[in-house]
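Heads up: the structure comes next, in structure tokens.
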Amino acid sequence: MNCTDFLAKLTDYFDGQIDPELLIEVKEHLGSCHHCEVVVDTTRKTIDIYRGHQPYEFPEELSERLRTAVMNRCKASVSK
Amino acid sequence: MAVETQSTTEDLTDLPPEIVATLQAEPPHPDLELVERAKAGDTSAFEQLVRQYERQIFRTAQHITQNREDAEDITQDVFFKAFQKLDQFQGNSKFSTWLVRIAVNESLMRLRKRKTSKTVSMDQDVQTDEGSIPRDFAEWRPNPEQNYSQSELAEILRKTIAGLPPGFRTVFTLRDIENLSTEETAEALGLSVPAVKSRLLRARLQLRERLSRYFRKTKEGSK
Ligand SMILES: [Zn+2]
């Protein structure tokens with residue numbers, strides 16, 4: 001397995017959807033290739049950072065305002 | 001024993017096939033009951049669904065459009081449309097996936113309106129190889145966030161994801177931030193599973209490459 005083959009399997013590897021035999025090859029490559037090891041580590045960190053820091057706030061005030069507006073529209077459409 | 005099996009089979013054949021499938025598979029999702037009540041005219045049941053999913057719909061819309069006012073409008077429109085089209089929801093997918101699908105369509109439509117000169121679709125920019133081959137192999141700090149305040153970090157994350165083509169951004173948002181499965185993401189976007197996987201790989205690698213500028217380990221004194 002070379003780096004290109006490895007990259008092609010990266011998504012399946014992250015999602016844990018990889019054949020056991022292929023997984024052995026993937027791990028072998030990771031053990032011998034520092035570049036791919038770094039790519040795996042930093043890609044995982046990329047995902048974790050986005051998961052851990054929702055960049056967009058959704059305060060209760062907004063939630064209530066949107067919900068009220070939606071429900072008013074829904075109710076108005078029914079009573080027509 | 002034989003009689004019992006037979007009578008069960010008979011009972012099942014009397015039912016519509018989708019109900020049989022439901023009985024044979026997992027217990028029904030609790031949303032389905034709320035949807036049924038809402039279809040029957042119970043607006044409080046629908047309000048409960050809005051409460052459950054408005055955050056996810058808002059964030060999805062904001063990630064795709066990168067605009068807060070648009071996200072607010074879209075969130076309202078999505079739930080209003082869902083309410084009006086409730087009869088079209090057949091329960092073949094999760095209710096939340098169905099909502100996300102509406103949100104994605106509304107968001108892309110909004111983007112198209114805003115950028116009249118540029119076409120915006122899920123297929124945009126997928127031909128390019130940009131970012132699909134890693135170039136930066138620097139390790140990151142053990143805790144990549146340590147050099148930035150919360151607000152600086154939020155800004156970095158926003159800027160970085162905003163730089164991705166909408167098609168990649170959307171796949172990353174649904175799959176990695178909103179935690180939809182690959183199959184659910186495919187369904188919400190009207191893409192095949194392999195197409196989702198290939199976009200997801202590129203989105204992750206491009207984000208990684210861009211974040212690496214901020215988070216890579218550097219020599220002392222420089223950021
Ligand atoms: Zn390699």
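The values are calculated or read from the model by the stated rules, or taken from the named source; none is laboratory data. Since we're looking at a predicted model, the values are computed, not measured. Please note: Cβ atoms are built from the backbone with ideal geometry, for glycine as well, and neighbour counts cover all protein chains shown. The protein model used for the area step is the full one, side chains on, heavy atoms only, and it has no ligands, DNA or RNA in it. Shrake-Rupley method; radii C 1.70, N 1.55, O 1.52, S 1.80 Å.
Between A:Glu21 and B:Thr218, the modelled label-to-label distance comes to 4.7 nm, taking each label 7 Å out from Cα in the direction of the beta carbon. Convex hull of alpha carbon positions in region B:160-223: directionally averaged projected area 4.7 nm². Against chain A, whose longest principal axis is taken from its Cα atoms, helix A:34-52 shows a tilt of about 10°. In this simple spin-label model, placing a label point 7 Å from the Cα along the Cα-to-Cβ direction at both A:Val78 and B:Gln88 gives a separation of 2.1 nm.
How large, in percent, is the carbon and sulfur part of the accessible surface of region A:3-78 at a probe radius of 1.4 Å? The computed percentage sits at 50. Between B:Glu33 and B:Val193, the distance separating the two model label sites (each 7 Å from Cα on the Cα→Cβ line) works out to 3.1 nm. Placing a label point 7 Å from the Cα of B:Ser44 along the Cα-to-Cβ direction, none of the residues of region B:82-98 has a backbone N under 18 Å of that point.
Total Å² of accessible surface buried at the B-A contact, 1.4 Å probe, nearest 100? Walk me through the numbers before you get to the answer.
Numbers: alone 13720 and 6860 Å², together 16070 Å².
Buried: approximately 4500 Å² between A and B.
In this structure, the residue pairs whose Cα-Cα separation is over 19 Å, taken from B:Lys159/B:Lys197; A:Lys9/B:Lys159; B:Lys197/B:Lys217; A:Lys75/B:Lys81, are B:Lys159/B:Lys197; A:Lys9/B:Lys159; B:Lys197/B:Lys217. Listed peptides B:176-189, B:88-101 appear in the order B:176-189, B:88-101 once ranked by packing, highest mean of other Cβ atoms within 10 Å at the front. Counting Cβ atoms of other protein chains within 10 Å of each Cβ in B:97-109 and taking the mean gives 0.
Given q = 0.16, 0.25, 0.26 Å⁻¹, what are the Debye log10 I(q)/I(0) values for region A:3-78, with equal point scatterers placed on the Cα positions and solvent ignored? Scattering profile of region A:3-78, log10 relative to I(0): -0.67, -1.13, -1.16.
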